[in-house]
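The values are calculated or read from the model by the stated rules, or taken from the named source; none is laboratory data. Everything numeric in this text was worked out from a predicted model, so none of it was measured. All Cβ positions, glycine included, derive from the backbone under ideal geometry; neighbour counts span all protein chains shown.
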Amino acid sequence: MSPDALVAEMTRRYLPNKVPRDLVYYLSIGEHKYTMRLDAAACIITEGKVEGADCVIKAHPDVFENLVIKRKAPGPLDIARGRFKTSDVGLLALLGECFR
């Protein structure tokens, strides 16, 4: 699935009322950059980078797709090879609870 199709799918799969406060994620999926804003009612994803995000996720497209669509956490080799990085493991875990 392309990164653009993946983020569109994320907005459709969002479960309202899962975040304790408004959150901003910066997603770098391969060469694609997105800002994702989550609040009690919606998931809004726009193209481009945001400064001061609550959580930064940089991932190879396949690893990110597995995380969001298949709910499969990145493996040790993905992390060791630089195919996945995050700035906040807790907010990464919360992200998994926000989508069906």
_Where the second residue is of a type in the set (D, E, K, R) and modelled with pLDDT under 95 and the first is within 13 Å of Arg100 (Cβ to Cβ) and lies in the stretch 6-35, which pairs have Cβ atoms under 6 Å and are six or more apart or on separate chains?_
Arg13/Arg100; Leu15/Arg100; Lys18/Glu97
*Are any residues in the stretch 41-100 within 19 Å of Asp4 (Cβ to Cβ) and small (Gly, Ala, Ser), and if so, which ones?*
Ala42, Gly48, Ala59
*Residues located in the stretch 36-48, provided they are over 17 Å from Gly96 (Cα atoms) and not charged (D, E, K, R)*: Thr46, Gly48
